[in-house]
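Colleague: Starting off with a structure, shown below.
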There are 2 protein chains.
Amino acid sequence: MDNRVGFIGLGIMGQPMAGHLLAAGCSLTVYARTKGKAAKLVSCGAREAASPAEVAARSDIVFLCVTDTPDVEQVLLGDSGVIQSARPGLIVVDHSTISPSATRRMAEKLAERGAALLDAPVSGGDVGARNASLSIMVGGDAKAFERVEPLLKKMGTTITRCGGSGTGQLTKLVNQILVSVTNLAVSEALTFAKKNGLDLDKTVAAVAGGAAGSWQLANLGPKMIAGDFRPGFMINLQQKDLRLVLQSAEESNTSLPAASLVHQLFTAAQASGHGKDGTQALFAVIEKLASLH
Amino acid sequence: MDNRVGFIGLGIMGQPMAGHLLAAGCSLTVYARTKGKAAKLVSCGAREAASPAEVAARSDIVFLCVTDTPDVEQVLLGDSGVIQSARPGLIVVDHSTISPSATRRMAEKLAERGAALLDAPVSGGDVGARNASLSIMVGGDAKAFERVEPLLKKMGTTITRCGGSGTGQLTKLVNQILVSVTNLAVSEALTFAKKNGLDLDKTVAAVAGGAAGSWQLANLGPKMIAGDFRPGFMINLQQKDLRLVLQSAEESNTSLPAASLVHQLFTAAQASGHGKDGTQALFAVIEKLASLH
């Protein structure tokens, strides 16, 4: 493809996502805060820039995938940030999960220079990033979306334009409410089953096909039963996203009792050393809570 | 089939379940507390008895499907209850959702007369009962289970023997924890989406296929969005089951913060007139909670 694209943030998600764009024939410029992270992509033909501003200067479309709101603010609005090279026609696509309201403010700042910011958080984890099977939830200008959609399809399978700026982030937060509270449902149900002496595998098999069924039960249930807490999605990151959920809920005067409860229970998980485990380690906390004496 | 079977309790579930046994060629004796409820089955060849004891006297296997623990105690242990005709070889199959510990006590009483009690609560609702597609979770004696399994297959598609007496009820309660807390996840997520101005249909479509997906989201989500609160499963019955969950949890020293929370929120739903609505009306309560002023 004859696109000059940039990619900023080459972590566990960004690295394979940028790789798909390079494999699709894009002319790729990359930047990572941590030295050495660009080496593999450079060896495959990518060019390394010294700053986000330099990435933007050399690209028509800049993708970024970093961790939290302050990281995106630094990359976009910092002294050597993307905004220094912003110009009419530049499109910035933010794959990070960050604050919807901060997203709207940054989109306005880029718009003053004629550049468009699309919020495009993803779900599907590192497996989805490697297999190009991510779900991508996009908010922002419709024309900019049309322009980047063919490139998003190189990284994901379900690409949805949710509406104006910030709606991609809001939809991702809806996803995180569902994921975390359903996880709590599974953790409590399996704790109840275990404390009452049920055969856990048989129990899951008996109920998973009906109204009790969920992705969380089918995928995390067996890991909870096996005590396999290796991370698919890390509790520390789930907590970051739940903070965004509760902050956005406060901004919109929305009371979320269950999301708030699961945030507190994940805090207990972090306090007992499970922060870098997968979210299925919530089960360990609920089980401990049921066995305090 | 050359079985003399009885069926006690001909409500929205029992009526079609008994009908499947009759259609399978069983010689059927029925009893319902409410006069007139047996008429349709009698017109199809069933015989009506004057009491549960009479049903048991005329049957090798007695099924029952009533509402709560006291109803089952009355049917089994009352003055004209099944126990009056209990004898070696009689098998009683209880499809009601009731207390696991009360189930074990009643099983012991029947065992003193040589009769077996299987707990066999179902999930799948009135639609599952009519279509003979119920999930049936069975606890109790393995030989008695083998004897009745061919008949259970006339009423359901997923038949699981979970273990000894009470384990069918416990597995059903696991199911109810999953169903109700996942429902809460969906209710909160859609409330957050609505308060933040998202297009709800688009939001569900964007997230339902991934880690956020569940039966509750796929099936109740669209009804919540449409404001269609007609009952699939009634809030008043969900509350009865959550009381059983919390009572069993207390008996086993198990702390269930989310199941307890959703029980309280369903109480708010009942208080605002939603008791006879379907469980998806939980959404209306969460939405009201988010809009109090």
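Colleague: Restricting the search to region B:249-262, which residues are in contact (Cβ under 8 Å) with a residue 60 or more places away in the chain and more than 7 Å from chain A (Cβ to nearest Cβ)? Walk me through it before giving the result.
Modeller: Pass one, region B:249-262, residues in contact (Cβ under 8 Å) with a residue 60 or more places away in the chain: B:251, B:256, B:258-259, B:261-262.
Scanning region B:249-262 gives B:E251, B:V262.
Colleague: Of everything in region A:105-122, what is on the phi < 0 side of the Ramachandran plot and either among the basic types (K, R) or open to solvent by 20 Å² or more (accessible area, probe 1.4 Å) (or both)? Give them in sequence order. Write out each step before concluding.
Modeller: The initial filter retains those residues of region A:105-122 that are on the phi < 0 side of the Ramachandran plot, namely A:105-113, A:115-122.
Within region A:105-122, A:R105, A:E108, A:K109, A:A111, A:E112, A:R113, A:A116 meet the criteria.
Colleague: How many residues are open to solvent by 40 Å² or more (accessible area, probe 1.4 Å) and on the phi < 0 side of the Ramachandran plot when one looks only at region A:14-30? Before the answer, list the steps.
Modeller: Within region A:14-30, the first condition is being open to solvent by 40 Å² or more (accessible area, probe 1.4 Å), and the residues that meet it are A:15, A:20, A:23, A:25, A:27.
Okay, now just the ones that are also on the phi < 0 side of the Ramachandran plot, so A:15, A:20, A:23, A:27.
Count: 4.
Colleague: Something else now. Of the residues A:T171, A:T158, which is farther than 17 Å from A:V245 by Cα and either at pLDDT 95 or above or in the same structural domain as A:L134 (by TED's automatic domain parsing) (or both)? Before the answer, list the steps.
Modeller: Working: A:T171 fails: farther than 17 Å from A:V245 by Cα.
Result: A:T158 is the single residue among A:T171, A:T158 that is farther than 17 Å from A:V245 by Cα and either at pLDDT 95 or above or in the same structural domain as A:L134 (by TED's automatic domain parsing) (or both).
Colleague: A further question on this structure: With the structure loaded, tell me whether A:V127 is among the aliphatic types (A, V, I, L, M) and either outside the structural domain of A:A56 (by TED's automatic domain parsing) or over 24 Å from A:A56 (Cα atoms) (or both) or whether it fails that test. Write out each step before concluding.
Modeller: Numbers: among the aliphatic types (A, V, I, L, M): yes; either outside the structural domain of A:A56 (by TED's automatic domain parsing) or over 24 Å from A:A56 (Cα atoms) (or both): yes.
Judged against the criteria, A:V127 is a match.
Colleague: Within region B:197-207, track down each residue that is part of a loop (DSSP other than H, G, I, E, B) and open to solvent by less than 40 Å² (accessible area, probe 1.4 Å). Outline the logic, then answer.
Modeller: Our first condition is that a residue be part of a loop (DSSP other than H, G, I, E, B); within region B:197-207, this holds for B:197-199.
Result: B:L198, single match.
Colleague: Cβ-Cβ under 6 Å, sequence separation 6+ or interchain: first residue in region A:280-293 and more than 8 Å from chain B (Cβ to nearest Cβ), partner assigned to a helix (DSSP H, G or I) and open to solvent by 50 Å² or more (accessible area, probe 1.4 Å). Which pairs?
Modeller: Pairs that qualify, where the first residue is more than 8 Å from chain B (Cβ to nearest Cβ) and the partner is assigned to a helix (DSSP H, G or I) and open to solvent by 50 Å² or more (accessible area, probe 1.4 Å), are A:Q280/A:K223.
Colleague: Evaluate the following for B:V245: is it within 12 Å of another protein chain (Cβ to nearest Cβ), closer than 30 Å to A:A268 by Cα, out of contact with any Phe, Trp or Tyr (no Cβ under 8 Å at 6 or more places or on another chain) and among the β-branched types (V, I, T)?
Modeller: On the way: within 12 Å of another protein chain (Cβ to nearest Cβ): yes; closer than 30 Å to A:A268 by Cα: yes; out of contact with any Phe, Trp or Tyr (no Cβ under 8 Å at 6 or more places or on another chain): no; among the β-branched types (V, I, T): yes.
The answer is no for B:V245.
Colleague: In addition: Tally the residues that are over 29 Å from B:T103 (Cα atoms) and more than 12 Å from chain A (Cβ to nearest Cβ), restricting the search to region B:263-274.
Modeller: We begin by selecting, within region B:263-274, every residue over 29 Å from B:T103 (Cα atoms); these are B:268-269, B:271-274.
Subset that is more than 12 Å from chain A (Cβ to nearest Cβ): B:269, B:271-274.
Qualifying residue count for the region: 5.
Colleague: In region A:119-134, is there at least one residue being among the acidic types (D, E) and within 14 Å of chain B (Cβ to nearest Cβ)? Spell out the reasoning first.
Modeller: Taking region A:119-134 as the starting set, the residues that turn out to be among the acidic types (D, E) are A:119, A:126.
Next cut, within 14 Å of chain B (Cβ to nearest Cβ) only: A:119, A:126.
Yes, region A:119-134 has at least one match.
Colleague: Just the residues that are surrounded by 18 or more Cβ atoms within 10 Å (Cβ to Cβ) and among the hydrophobic types (A, V, I, L, M, F, W, C), please, taken from region A:141-168.
Modeller: Within region A:141-168, A:A144, A:F145, A:V148, A:L151, A:L152, A:M155, A:I159, A:C162 qualify.
Colleague: Residues in region B:101-114: is at least one of a type in the set (G, A, S), farther than 26 Å from B:T160 by Cα and in contact with a strand residue (DSSP E or B) (Cβ under 7 Å, 6 or more places away or on another chain)?
Modeller: The initial filter retains those residues of region B:101-114 that are of a type in the set (G, A, S), namely B:101-102, B:107, B:111, B:114.
Those left that are additionally farther than 26 Å from B:T160 by Cα: none.
So far as region B:101-114 goes, no, none of its residues is of a type in the set (G, A, S), farther than 26 Å from B:T160 by Cα and in contact with a strand residue (DSSP E or B) (Cβ under 7 Å, 6 or more places away or on another chain).
Colleague: Taking the condition of being open to solvent by 60 Å² or more (accessible area, probe 1.4 Å) and either under 17 Å from A:V30 (Cβ atoms) or part of a helix (DSSP H, G or I) (or both), how many residues in region A:68-79 meet it?
Modeller: Step one: filter region A:68-79 for residues open to solvent by 60 Å² or more (accessible area, probe 1.4 Å), giving A:70, A:73-74, A:79.
With the extra rule that they be either under 17 Å from A:V30 (Cβ atoms) or part of a helix (DSSP H, G or I) (or both), the set shrinks to A:70, A:73-74.
Counting residues in region A:68-79 that are open to solvent by 60 Å² or more (accessible area, probe 1.4 Å) and either under 17 Å from A:V30 (Cβ atoms) or part of a helix (DSSP H, G or I) (or both) gives 3.
Colleague: Can you find a residue that is within 24 Å of A:R243 (Cα to Cα) and modelled with pLDDT under 95 anywhere in region A:71-85?
Modeller: no
Colleague: Can you pull out the helices (runs of 4 or more DSSP H) entirely within region B:1-67 that have at least 3 residues that are touching a residue at least 24 places away in the same chain (Cβ under 8 Å)? Reasoning before the result, please.
Modeller: Values: elements: B:14-23, B:39-43, B:52-57.
Result: B:14-23, B:52-57.
Colleague: Look at region A:18-39 and say how many of its residues are farther than 20 Å from A:E54 by Cβ and among the aliphatic types (A, V, I, L, M).
Modeller: 2
Colleague: Could I ask something else about it? I'm checking my understanding of the structure. Among residues of region A:154-204 that are of a type in the set (D, E) and either more than 8 Å from every other protein chain (Cβ to nearest Cβ) or touching a strand residue (DSSP E or B) at 6+ places or on another chain (Cβ under 8 Å) (or both), which one is farthest from A:A249 (Cα to Cα)?
Modeller: Ranking the candidates gives A:D199 first.
Colleague: Check A:D277 against each of (1) under 12 Å from A:Q176 (Cα atoms); (2) more than 14 Å from chain B (Cβ to nearest Cβ) and name the one condition it does not meet.
Modeller: Every listed condition holds for A:D277 apart from (1).
Colleague: Provide a single number: the residues in region B:114-151 that are without any contact (Cβ under 8 Å) to a residue 40 or more places away in the chain, of a type in the set (D, E) and either part of a loop (DSSP other than H, G, I, E, B) or closer than 20 Å to B:V75 by Cβ (or both).
Modeller: 1
The values are calculated or read from the model by the stated rules, or taken from the named source; none is laboratory data. Treat the numbers as computed from the prediction; the structure is a model and nothing was measured. With ideal geometry, Cβ positions are generated from the backbone for all residues, glycine too; neighbour counts draw on all protein chains shown. All accessible areas refer to the heavy atoms of the entire protein, side chains included, with ligands and DNA or RNA removed. Shrake-Rupley method; radii C 1.70, N 1.55, O 1.52, S 1.80 Å.
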